[in-house]
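Here's the structure, in structure tokens; my notes come after.
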Amino acid sequence: ATGHRLPDTDALRARAAAALDRCGVDLDAYTGAGADTVLARTPLTGGTLAHLAATTPEQTDAAVAEAHRTFMDWRTVPAPRRGALVKRLGELLTAHREDLADLVTIEAGKIRSEALGEVQEMIDICDFAVGLSRQLYGRTIAGERPGHRLSESWHPLGVVGVLSAFNFPVAVWSWNTAVALVCGDTVVWKPSELTPLTALACDGLLARAVADVGAPAGVHRLLLGARECGERLVDDPRVALVSATGSVRMGRQVAPRVAARFGRCLLELGGNNAAVVAPSADLDLTVRGVVFSAAGTAGQRCTTLRRLIVHEDLADRLVERIVHAYGQLPLGDPFDPATLVGPLISTAAHTAMSEALAEAQRSGGKLLAGSERCLADQAPHAAYVRPAVVRMPEQTEIVRTETFAPILYVLTYRTLDEAIALHNGVPQGLSSSIFTRDQREAERFLAADGSDCGIANVNIGTSGAEIGGAFGGEKETGGGRESGSDAWRAYMRRATNTVNYSAELPLAQGVSFL
Ligand code: NAD
């Protein structure tokens, strides 16, 4: 541990309220008691920050109705003018960078630089979306008939329902919202019940941007609640796209419900990311890449490195260095600039971690580092846990499972084919990397018969993607893509247009009729 004393819950509550106030949110207006409350808590102490009134089913329906009404007009606003709203949002996010980062640290437990980094991602995606607002290009297609023009246009889709996870409480919202707004959609957001205050700040800043540019207030609606609230949103036929980020368990529940009403789904679910370390790897760089990806964010990123597949000639040396580096990681108060590992989201997450480690050891795994709980004397209801490294004899069932905690399983391989088979031998398909200086190996890993993930990297870790690329993964990760590249297409509908400007009526495929 860093030796720095943890802040107490009262101090954190005051800090959160001050940040919210600067973002234009009066916390008192949202607090409520009774059965339908959402508890705002902080993993720094495990203490409660506020009791918030949960959105009722009737309020959820009204929010969707309002978003739908607003969509009917918003879709006709020229895209560059919609971009002006997102531009203003980006300015406000920049001005309130520290406030948002405070809230991310308080509610999600991220260390300072990662919290600021997450806010930077929001600012970056706003920039990207503003540019996109002038680039929602369709195509003109070479048609087969004379005197005809064949083309496609992209139109706004409708209300986008966003469900988001606790571990990226602001970035995931902004990826969806900045892009959806320029695409002419409106958004109803059901954030994680673990990060409601952060959500209020985002909603407050967007409301200010809306007022500043004179956009309609109904472009964004926030719902506070847990699973049932999300289910109501998912089942509403006025919600054209459900963009859901979270566990595979959640995706299994959400996807069939959306499919049952022929709605569209964009799924960003769990990962079980691996790195292959080949004999030619630059070891200094590999150790840094591995430790950041595996222990950063206390192992609570969807792209966290969970499996290390190392060439057998290298394994002992590399593992020794990783274990040494893990021993040096300062753990503690995420507000302390010296800290690199903050708390897990809850003591339940620690229980899940301990169970997974016990299971790994039962199936022959050897715990080489970590798993100790720290600072329990200062914060008995929080979970500060040392990231763990476990050497596994084979890829057992627990290794194939995503445990949302800092556990790095180490496996060894002899041939690259074997490494790739191990790599792809899990149900999830989000992020992957190879550490090698051999171009043949690197290219093979990126080829059609290489990594089967949505993200495949060379000589960097599995986490920390830039917003310019499309983000998402295959298999149980759900197949969705968000953020950059052409991910915007998921938020629009495509119309294929054939215009006949001749006086003839030739039919396609040479069909004759009349
Ligand atoms: P979670 O699945 O518990 O919750 C995610 C969201 O879904 C929350 O808002 C929750 O209230 C809601 N929800 C849960 N069940 C629902 C249902 N049946 N109907 C409607 N809404 C429902 O996830 P979490 O614990 O907050 O986040 C961690 C998980 O998210 C990990 O598995 C992680 O890998 C994944 N994740 C994935 C990505 C990605 O982009 N692929 C990003 C971040 C997190």
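Residue 391 sits among other residues whose Cβ lies under 10 Å from its own Cβ, and their net charge, with Lys and Arg +1 and Asp and Glu -1, is 0.
What percent antiparallel are the DSSP beta bridges of segment 270-403, to the nearest 5? All intermediate terms of the calculation are to be shown ahead of the outcome.
Working: 6 of 12 bridges.
The antiparallel proportion sits near 50 percent.
The GluC sites (Glu not before Pro) found in segment 423-514 that occupy coil by DSSP, while having at most 16 further C-beta atoms within 10 Å, are 466, 504.
Can you tell me which of 248-261, 297-310, 13-26 comes out highest on packing, and rank the rest after it, using the mean Cβ neighbours within 10 Å?
On the way: 248-261: 15.8, 297-310: 26.5, 13-26: 18.1.
Top of the packing list down: 297-310, 13-26, 248-261.
Work through the residues other than residue 83 whose Cβ is under 11 Å from its Cβ and net out their charges, Lys, Arg +1 and Asp, Glu -1.
Numbers: positive: 81, 82, 87, 88, 134; negative: 127.
So the surrounding residues net to +4.
Sparsely packed loop sites in segment 377-473 (the trypsin sites (Lys or Arg not before Pro) outside DSSP H, G, I, E and B with at most 15 other Cβ atoms within 10 Å) comprise 400, 414, 437. Here is the size of the chain from its Cα atoms: Rg then Dmax, 24.3, 88 Å. Full extension of the chain between residue 497 and residue 440 yields a length gain of 16.0 nm, computed as 0.36 nm times the residue separation minus the alpha carbon distance. Which one of 510, 142, 381 has its Cα pushed farthest toward the positive end of the charge dipole of the chain, where Lys and Arg give +1 and Asp and Glu give -1 at the Cβ? Going by the charge dipole, the pick is 510. Here the simple spin-label model places points 7 Å from the Cα toward Cβ, and for residue 252 and residue 91 these points are separated by 4.8 nm.
Amide H contacts of residue 54 (H built 1.01 Å from N, in plane; Pro and chain starts excluded): 37, 38 sit under 5 Å, all sequence-distant by 5 or more or on other chains.
Segment 197-232 and segment 81-145 have their alpha-carbon centroids 15 Å apart.
Of interest is the spacing of the C-alpha centroids, which for segment 338-395 and segment 8-57 amounts to 28 Å.
Reported to the nearest whole Å, the Cα centre-to-centre distance from segment 255-328 to segment 408-477 is 9.
The longest stretch of the chain left intact once loop-based chymotrypsin sites (Phe, Trp or Tyr not before Pro) with at most 12 other Cβ atoms within 10 Å are removed from consideration, loops following DSSP, is 263-500. Relative to the Cα centre, the charge distribution of the chain, modelled as +1 at Lys and Arg Cβ and -1 at Asp and Glu Cβ, gives a dipole magnitude of about 860 debye. Projecting the Cα atoms of 72, 6, 419 onto the charge dipole of the chain, computed from C-beta unit charges around the Cα centre, puts 72 farthest toward the positive end. Sorted into 5 angstrom bins from 0, the C-alpha pair distances of segment 8-129 split as 2, 10, 14, 16, 17, 18, 14, 7, 2, 0 percent.
Listed by chain and number, the lysines whose C-alpha is less than 17 Å from the C-alpha of residue 475, apart from same-chain residues fewer than 8 away, amount to an empty set.
Of the GluC sites (Glu not before Pro) found in segment 96-181, those that fall in a DSSP loop while having at most 16 other beta-carbon atoms within 10 Å are 144.
Distant-in-sequence amide contacts of residue 277, defined by a placed amide H-H separation under 5 Å and a gap of 5 or more residues or a different chain, comprise 309, 310, 311, 435.
Only aspartates and glutamates eight or more places from residue 87 in sequence, or on another chain, were considered; those with a Cα closer than 12 Å are 124, 127, 212. Projecting label points 7 angstrom from Cα along Cα→Cβ for residue 458 and residue 149 puts them 4.3 nm apart.
Given the chain, what percent of its DSSP beta bridges are antiparallel, to the nearest 5?
Numbers: 27 of 68 bridges.
If I count the DSSP bridges inside the chain, around 40 percent turn out antiparallel.
Here segment 169-254 is described by how far its Cα atoms reach on the three principal axes: 40, 27, 19 Å, from widest to narrowest. Near residue 414: Cβ cut-off under 10 Å, other residues only, Lys/Arg at +1 and Asp/Glu at -1. The net charge is -4. For the chain, the membrane-span-like helix rule (DSSP H, alpha carbon extent of at least 15 Å along the helix axis, mean Kyte-Doolittle at least 1.0) picks out 171-182, 196-213, 283-295; this says nothing about an actual membrane.
Here, each number is a calculation from the coordinates, and none is a lab measurement. This one's a predicted model, so the numbers in the text were calculated from it and none came from an experiment. All Cβ positions, glycine included, derive from the backbone under ideal geometry; neighbour counts span all protein chains shown.
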